[in-house]
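Structure, as structure tokens:
The values are calculated or read from the model by the stated rules, or taken from the named source; none is laboratory data. As the structure is a computational prediction, the values presented were derived from the model and not from experiment. Cβ placement follows ideal geometry from the backbone for every residue including glycine, while neighbour counts extend to all protein chains displayed.
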Amino acid sequence: MVDGHPAPLLRLEGVQKTFGPTRALKDANLTIPTGGVVHVLIGENGSGKSTLLGVLSGQIRHDAGTVSLEGRPVRFGSPVAALRHGVAMVSQEIAVAPDLSVAENVLLGRGQVRRWAGISRSASRSKAQGVLERLDFDVDPDCPVRRLRPDQRQMVEIARALTAEARILILDEPTSSLTDDEVGSLFATVRRLKAQGVAIIFVSHRMQELFEIADDITVLRDGVTVAEGSAASFTPESLVSAMLGEDPPAGREGGSAASAGVGSDDPVALRVSGLVVPGSVEDFRLDLRRGEIVGLAGLVGAGRSEVLESIFGARGHAAGTFEIHGKPYVPHGPRRAIAHGIGFVPADRKADGLVLGMSVGANMTMVDTHDAPRLAPPARGRGAATVARVAASLRLNPQLAETGTARLSGGNQQKVAVAKWLVRRPGVLLLDEPTRGVDVMAKADIHQELRAIAAAGSALLVNSSEIDELLTLCHRVLVMFRGRVVADLAVPDTDDSEILKLAGGQPC
Amino acid sequence: MLNPLIRRAWASTSQFRLVLLLVVAMFAFFALTQPAFSTSTNVQNLVANSSLLWVVAMGMTFVLLSGGFDLSVGATAALTGILMAKSLELGIPGPLVVVLCVAAGALVGGLLNGVAVGKVGLSVFVVTLATMTSLTGVVSLWSGSNSFLVTAPAAKWLATERFLGLPMPIWIMAAVFLVALYVQNRTYFGRDVYAIGGSATAARLSGIHVPRTLIIVYAVAGACAALAGTIGVGRVGAAVPTVDSTLALQAIAAVLLGGTALTGGSGGVGGTALGVLFIAILQNGLSLAGVASDWQNVVTGVILIVAVAGDRIDPRLITRRRSPSSTAVDRATLSASSRGA
């Protein structure tokens, strides 16, 4: 910055943040010179993007580095403090009160107009109306938010941010749950706000989209700002290589070595055709062969988890036809799926994968014993040998069996969440983010065991947000974009930049 | 150094240690200050007087472990009393009537509360409140607001018969407790209840039949309430047309005092037994001391808060004190207690 230039509206310099052993941010920088620009922030999962947004919006306190607004250093202790400085964030999960009206939601928190001792309804309503007009958002202010579409709810959140006189508006993956038309109207709103002088920080992975809207781009990788500049100075290719780094990640050998075993003549373990989940998945089809590991890649909201949950029968009835080992299978709840030899490791191990209050042993035998007579005394040592074998193969200390699961590290918890399915070897194992948030060693152990059970004849469908993981583990990768499979890639012949581009909606 | 067995037993009390200490301390205090307290007759009366609450609270423990609660048990007990009186009038043999009553209680609990909560997924509070309200009405209508004198030998036998020198309610309490303890710790059903209370989603995804388990849990609570209802009729010698509206809340209080979490998934019937004894000793001791019985409620309320708050502070203090020297085995024992005694 040249001397004498006015101080930039927002500047982050050398911001650092450590969570326990993880250094989420090492050297994050971001500059927004003035209002009225759209600044895209991009980075892979685990690049520290969410932490950076947390620091900006007052949810996380940084350890070192400076955040300054118009040259004055600031340190937000809470989201309210950030709002007071004119920084507002609209998060990925839309947080509106469904039973309050549009006007009430817009004014929620601080915007109500007070008169005498109470809230003035009419004054509040007209204030909300003003904000809605500023957004050119045509909706009845008295309509309960419950009745609105997702994009309209998002607009309500944006309106709420504006009532706080936001000068900097953060939109975290705002398009992940929107249709094409809805994205169009969101972009119109963003442009309108830009013209009104608001600075917008826009997080997105969709290449086409972000080039359409961005003025400036900042790329984050491993907690470090690795590239920043005007949108015109990037191409989709240069952006992807900045996100991934120059050297391709190691550890691809395992995948290619394992792929030797599967051929097109191996019997199909799971066949899915015409799977439709309204609003999430369109016409998903898959032939998963014995011994094969297939990966699902895509952005948040691409419909990957919905595919796994539908096959397992965990989310109501899904349209589509399914076959297990050539026999028809109609998903209807986890019990039927398990009876058909299907296993499912959910993404959230703490809430869905494990009962944390129970012992490791109880969790590991939970699936295997789910159909035992309920009043029969659990025979001591029933399946103990199997449990010990599974624990050993995942390098999980068998002495932990009596320990409360809550006391284990994240890596060991995830091992238990996987192990409970391996006690009864499943014909088809569905894994949703099988190594999210686990340490490197536990990840390697889990990967090794997954390859081993595939080699022994199980068929695996792995959903992961980490492209590296898919390339390490899988024989082929299906890339999804907005509910559709857009590519079916054999692993030795693809790489992370191709997958990332396809996942972002860029045809290759 | 303490014997490992004693240490293990002590560790297993971690969830209801405060109430355990209070029960012992109160017993000692009343024994020293009230000469009439520690006589064999008084202790037997004290325990037998708590039999209704005990039996109801044992069933209630499973409901809380599964993550719910049941407000309707008092109404179920009253309804069973009327059912008992009417069936005995018809000349149905006494033992059969008791079986009939318990089955009716299980049916009411399972079909009304269990199906609505477990299968339909309605709110526990609304469902059990509605059941309580309707059953209270049914009790009044069916009885015509009349009391029924019950003189059948079966009713007397339940309440006043002695076996090996102890009143029958104490034997019933022991039997209910042992069955509950067995089901809780030694069956897959017991494990299912803990799993559902810990995380209903994780239980469901693991193949556990969540609706069926919940229906049985509420049926068990109803059956226990019905059994308590029959004991009550025996003790009073009549079936009365009024619902003891405090029974359900007292039972929930006893379960919570005993260290079972309102959110489900941890605790157990061992703690509940102490919770009931706490209320019983307090009531008995204070009345012997000539203190107005209202103070019993005041003290119970205060201790309930302290016990639940202590639940948040206690484990950290205890593990911190032990942690420098604690071994893997120690930690394993401590956590094994998370399934309760």
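Remark: A:P434 falls outside the filter, which requires a residue to be farther than 24 Å from B:T263 by Cβ and surrounded by fewer than 22 Cβ atoms within 10 Å (Cβ to Cβ).
Condition check ((1) surrounded by fewer than 20 Cβ atoms within 10 Å (Cβ to Cβ); (2) touching a residue at least 60 places away in the same chain (Cβ under 8 Å)) across all residues:
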site	(1), (2)
A:G274	yes, no
A:R304	no, yes
A:A337	no, no
A:G343	no, yes
A:G353	no, yes
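Looking for something in contact with a His (Cβ under 9 Å, 6 or more places away or on another chain) and away from chain B (no Cβ under 14 Å) - is there at least one such residue anywhere in the range A:410-433? Yes, the range A:410-433 contains a residue that is in contact with a His (Cβ under 9 Å, 6 or more places away or on another chain) and away from chain B (no Cβ under 14 Å).
The C-beta contact set for the range A:176-191 (first residue closer than 12 Å to A:G301 by Cβ, second residue among the aliphatic types (A, V, I, L, M), distance under 7 angstrom, 6+ apart or interchain) comprises A:S176/A:L299; A:S176/A:V300; A:L178/A:L186.
Output the number of residues of the range B:198-237 satisfying the condition of being farther than 12 Å from B:G118 by Cα, small (G, A, S) and part of a helix (DSSP H, G or I). Of the residues in that region, 12 qualify.
For the range A:44-100, the strands (runs of 3 or more DSSP E) that sit wholly inside it and include 2 or more residues that are modelled with pLDDT of 85 or more, out of contact with any Pro (no Cβ under 6 Å at 6 or more places or on another chain) and crowded, with 16+ Cβ neighbours inside 10 Å are A:64-69, A:87-90. Restricting A:L9, A:L41, A:L53, A:L83 to residues that are more than 30 Å from A:L148 (Cβ to Cβ) and either touching a Cys at 6+ places or on another chain (Cβ under 6 Å) or touching a residue at least 60 places away in the same chain (Cβ under 8 Å) (or both) narrows the list to A:L9.
Here B:A155 clears all of (1) closer than 30 Å to A:G343 by Cα; (2) part of a helix (DSSP H, G or I) except the condition numbered (1). Looking at the structure I just gave you, is B:I170 in contact (Cβ under 8 Å) with a residue 12 or more places away in the chain and within 14 Å of another protein chain (Cβ to nearest Cβ)? Against the criterion (in contact (Cβ under 8 Å) with a residue 12 or more places away in the chain and within 14 Å of another protein chain (Cβ to nearest Cβ)), B:I170 does not qualify. Of the set (1) modelled with pLDDT of 95 or more; (2) more than 14 Å from every other protein chain (Cβ to nearest Cβ), all apply to B:P153 but (1). A:F234 falls short of the stated requirement of being crowded, with 18+ Cβ neighbours inside 10 Å, in contact (Cβ under 8 Å) with a residue 24 or more places away in the chain, aromatic (F, W, Y) and touching a strand residue (DSSP E or B) at 6+ places or on another chain (Cβ under 6 Å). The strands (runs of 3 or more DSSP E) found entirely in the range A:138-247 that carry 1 or more residues being basic (K, R) are A:216-221. For the range A:326-369, residues that are in contact with a Leu (Cβ under 8 Å, 6 or more places away or on another chain) and facing chain B (nearest Cβ under 7 Å) total 5. Step by step: first the residues of the range A:312-335, then only those that are in contact (Cβ under 8 Å) with a residue 60 or more places away in the chain and of a type outside the set (V, I, T), then the one that is nearest to B:G67 (Cα to Cα). Which residue is that? Among them, the one singled out is A:F312. B:T133 satisfies every condition listed in (1) over 22 Å from the mean Cα position of the chain (by Cα); (2) of a type outside the set (K, R); (3) away from chain A (no Cβ under 14 Å); (4) surrounded by fewer than 19 Cβ atoms within 10 Å (Cβ to Cβ) except (1). With respect to the conditions (1) β-branched (V, I, T); (2) within 14 Å of another protein chain (Cβ to nearest Cβ); (3) in contact with a Gly (Cβ under 8 Å, 6 or more places away or on another chain), B:V193 falls short on a single one, namely (3). Scanning the range B:171-193 for residues that are under 15 Å from the mean Cα position of the chain (by Cα), surrounded by 15 or more Cβ atoms within 10 Å (Cβ to Cβ) and among the aliphatic types (A, V, I, L, M) gives B:I172, B:M173, B:V176, B:A180, B:L181, B:V183. The residue list A:D136, A:D151 contains one member that is within 26 Å of A:S280 (Cβ to Cβ) and under 31 Å from the mean Cα position of the chain (by Cα), which is A:D151.
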